[in-house]
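Visitor: Next up is a structure, given as structure tokens.
The values are calculated or read from the model by the stated rules, or taken from the named source; none is laboratory data. The structure presented is a predicted model; accordingly, all values stated were derived computationally and were not measured. Please note: Cβ atoms are built from the backbone with ideal geometry, for glycine as well, and neighbour counts cover all protein chains shown.
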Amino acid sequence: MARLGMLIDLRTCIGCHACSVACKAEFDVPLGVFRDTVKYVEEGKYPKATRHFIPILCNHCEEAPCLKACPTGAIIRVENGEIVINKGDCNVNRFCMAACPYGAIYVDPEEHVAQKCTFCEHRTAQGMQPACVEACPMRCRIFGDLDDPASTIAQKVRANTTTVWKPEAGTKPRVMYIDPKEALKHLVNEGIQVDPRAQMAGNPHTAQGTYAAHPGKQPQ
Amino acid sequence: MIPGLQPLPEVPWGPIIGVYFILAGMAAGTTLVAEWVAPQDSRTAAAFAWKTSWVVLVALMLCGVLLIVDLGRPARFFLMLTRFSNLGSAMSVGAKLIALKGFLLTLYLYLLHRRRYALAAGDVALAPGVTRVAYAVVPLLLAVASLCLAAYPAILLARTWFAPLAACSGAALLFVTTALLMGAAVATCAASDEALVTRLRDVMLFLGAAQLCLLLLAGLALYGGAPALERALAALIAGRNAAVFWGLVIGVGLGLPLVALATMRQQYLVTMASAVCLLVGAATLRFLIFTVA
């Protein structure tokens, strides 16, 4: 059985949000919540300031905390390793959200059930690629069977040094990153950093989150 | 959490769950303390157990109501009771523990009801056989379920990313002592017998002192620990929660009642006021362990 995973090459991500938009369109994700988004993280200071783009989504962990947390058995791992939520069994207790160290699960404000990235299970079951992978103009996302040595993802994993987000959480994520600039370390440890591009007037969270990776650099 | 560092998404559980942890602890502690200090005299014991058990039942029912309100509809709560597919889930076990305690408590109230009638009719001795076993086993099982329920929030919260204090090595013990303190306070307010109040006064003194020592040890365990633990400790003792911690938990919740209980032992009103203070302090500490990050 395949062990599906994703490799994201941060060297080529341009933060265009094509993946986020494709995911929104694929699942009709409501406003204000995301299954897949891109975080912007700033590092250093002028004249050596850098901005990193880090796509984040459910990591479909080998040791998934959400899977162990769900009291109703609504979260399951399908045969190819993708972790999905059975909407009918979800009682919205939000323990999965509390257990996930990546903040990848949200409560759908319209359907009132927990939701998250499924690696587009409905597409991959038919041999198609996830919507975000197809939409990426830079081809920085590679999806496939990690156990198949001939697959593109397995070859690229072998050829590059890869890392995962929050390895210390011990969740063994199946979403891996090529991150030579170590941008992942700048994502805040607890929760997910706010996307500064989403800043809107009167939203204090986004204003704080912009500087989350560098608490000493609060706006004056 | 570092000031100015606001994670997304928001913490998924709100104050309703915090209040639920307090009520569940109070229910568990009251059962345990009522068993602990049960009077020798059959009539006094039955009356005391009857009164405290009703308080516990009301608290448990409120827990159920809070959970249903939080989940949105009753069916969602009952789903956790009827599903056995993931018994590794702390929440699944917790929901079943509440149901088990509710069942045992109802059974115990039925037994107490019969006992009170029997005592009123002058029938002091318990009938041998099943009756005697039931009167011995049901309270015992109830106490075991209560002990699990008292410590349960620590096990649940330790699996989350937003309550680092619950993952520290003394958390489960603190949840147990806070539950016992709340239980002792409730039992004191429910006790009408003078000897029982005196006994409960000693129990509160002991538990308060134990809580103080455990807090100190938990602080030592957090100090120099993982960054998230140190941040939580700083937030608790010197950050935005410091006033609540030092004022309500340490000052009003422990210092004041312990001094009062130790120095003004014979005054009934002082004992009652101290019980209320201990209740407030223990409840606040449970809430802080849940919220401080």
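Visitor: Within region A:66-114, which residues are within 11 Å of another protein chain (Cβ to nearest Cβ), of a type in the set (Gly, Ala, Ser) and assigned to a loop (DSSP other than H, G, I, E, B)?
Guide: A:Gly73, A:Ala74, A:Gly103, A:Ala104
Visitor: Would it be correct to say that B:Ala179 is on the phi < 0 side of the Ramachandran plot and without any contact (Cβ under 8 Å) to a residue 60 or more places away in the chain?
Guide: Details: on the phi < 0 side of the Ramachandran plot: yes; without any contact (Cβ under 8 Å) to a residue 60 or more places away in the chain: no.
Answer is no for this residue.
Visitor: I'd like the residue in region A:30-48 that is part of a loop (DSSP other than H, G, I, E, B) and touching a residue at least 12 places away in the same chain (Cβ under 8 Å) and, out of all such residues, is nearest to A:Cys120 (Cα to Cα).
Guide: A:Arg35
Visitor: Just checking, how many residues over region A:118-169 are hydrophobic (A, V, I, L, M, F, W, C), part of a loop (DSSP other than H, G, I, E, B) and within 19 Å of the chain's Cα centre (by Cα)?
Guide: 8
Visitor: Got at least one residue in region B:67-74 being of a type outside the set (Val, Ile, Thr) and away from chain A (no Cβ under 14 Å)?
Guide: No, every residue in region B:67-74 fails to be of a type outside the set (Val, Ile, Thr) and away from chain A (no Cβ under 14 Å).
Visitor: Counting just the residues of region A:22-35 that are more than 14 Å from chain B (Cβ to nearest Cβ) and within 21 Å of A:Arg139 (Cβ to Cβ), which one comes out surrounded by the most Cβ atoms within 10 Å (Cβ to Cβ)?
Guide: Going through the qualifying residues, I end up with A:Cys23.
Visitor: Still on this structure: In region B:118-137, which residues are in contact (Cβ under 8 Å) with a residue 12 or more places away in the chain and over 19 Å from B:Arg43 (Cβ atoms)?
Guide: Within region B:118-137, just B:Ala134 meets the criteria.
Visitor: Right, another one. Right, B:Phe103: modelled with pLDDT of 90 or more and within 14 Å of chain A (Cβ to nearest Cβ) or not?
Guide: no
Visitor: Within region A:36-76, count every residue that is among the small types (Gly, Ala, Ser) and either surrounded by 23 or more Cβ atoms within 10 Å (Cβ to Cβ) or within 18 Å of B:Trp161 (Cβ to Cβ) (or both).
Guide: 3
Visitor: Looking at B:Leu66, is it buried (at least 16 other Cβ atoms within 10 Å of the Cβ), farther than 29 Å from A:Tyr102 by Cβ and in contact with a Leu (Cβ under 9 Å, 6 or more places away or on another chain)? Explain how you work it out, then say what you get.
Guide: On the way: buried (at least 16 other Cβ atoms within 10 Å of the Cβ): yes; farther than 29 Å from A:Tyr102 by Cβ: no; in contact with a Leu (Cβ under 9 Å, 6 or more places away or on another chain): yes.
In short, no.
Visitor: For region B:255-280, enumerate the residues that are farther than 17 Å from B:Ala191 by Cβ and surrounded by fewer than 16 Cβ atoms within 10 Å (Cβ to Cβ).
Guide: B:Val259, B:Ala262, B:Thr263, B:Met264
Visitor: Can I ask one more? Touching a Ser or Thr at 6+ places or on another chain (Cβ under 7 Å), in a loop (DSSP other than H, G, I, E, B) and either without any contact (Cβ under 8 Å) to a residue 24 or more places away in the chain or over 29 Å from B:Arg159 (Cβ atoms) (or both), is that true of A:Asn59?
Guide: Working: touching a Ser or Thr at 6+ places or on another chain (Cβ under 7 Å): yes; in a loop (DSSP other than H, G, I, E, B): yes; either without any contact (Cβ under 8 Å) to a residue 24 or more places away in the chain or over 29 Å from B:Arg159 (Cβ atoms) (or both): no.
Judged against the criteria, A:Asn59 is not a match.
Visitor: Any residue at all in region A:77-84 that is among the basic types (Lys, Arg) and within 30 Å of A:Asp147 (Cβ to Cβ)?
Guide: yes
Visitor: While we're on this one: Which ones in region B:213-254 are small (Gly, Ala, Ser) and either touching a Lys or Arg at 6+ places or on another chain (Cβ under 7 Å) or loosely packed, with under 13 Cβ neighbours inside 10 Å (or both)?
Guide: Residues of region B:213-254 that are small (Gly, Ala, Ser), as a first pass: B:218-219, B:221, B:224-226, B:228, B:232, B:234-235, B:238-239, B:242-243, B:247, B:251, B:253.
Those that are small (Gly, Ala, Ser) and either touching a Lys or Arg at 6+ places or on another chain (Cβ under 7 Å) or loosely packed, with under 13 Cβ neighbours inside 10 Å (or both): B:Gly224, B:Ala238, B:Ala243.
Visitor: While we're looking at this one, here's another question. Return the residues of region B:146-166 that are within 12 Å of B:Ile289 (Cβ to Cβ), part of a helix (DSSP H, G or I) and within 13 Å of another protein chain (Cβ to nearest Cβ); say none if nothing qualifies.
Guide: Within region B:146-166, B:Pro153, B:Leu156, B:Leu157, B:Pro164, B:Ala166 qualify.
Visitor: Among the candidates B:Gly208, B:Gly224, single out the residue that is out of contact with any Ser or Thr (no Cβ under 8 Å at 6 or more places or on another chain) and either basic (Lys, Arg) or not in a helix (DSSP H, G or I) (or both). Show your work before the answer.
Guide: Numbers: B:Gly208 fails: either basic (Lys, Arg) or not in a helix (DSSP H, G or I) (or both).
It is B:Gly224.
Visitor: Consider only pairs whose beta carbons are under 9 Å apart and that are at least six residues apart or on different chains; among these, list those whose first residue lies in region B:278-293 and is more than 14 Å from chain A (Cβ to nearest Cβ) and free of Cβ contacts under 8 Å to residues at least 40 places away in the same chain and whose second residue is surrounded by 24 or more Cβ atoms within 10 Å (Cβ to Cβ) and of a type outside the set (Val, Ile, Thr).
Guide: Pairs that qualify, where the first residue is more than 14 Å from chain A (Cβ to nearest Cβ) and free of Cβ contacts under 8 Å to residues at least 40 places away in the same chain and the partner is surrounded by 24 or more Cβ atoms within 10 Å (Cβ to Cβ) and of a type outside the set (Val, Ile, Thr), are B:Val280/B:Ala185; B:Val280/B:Gly253.
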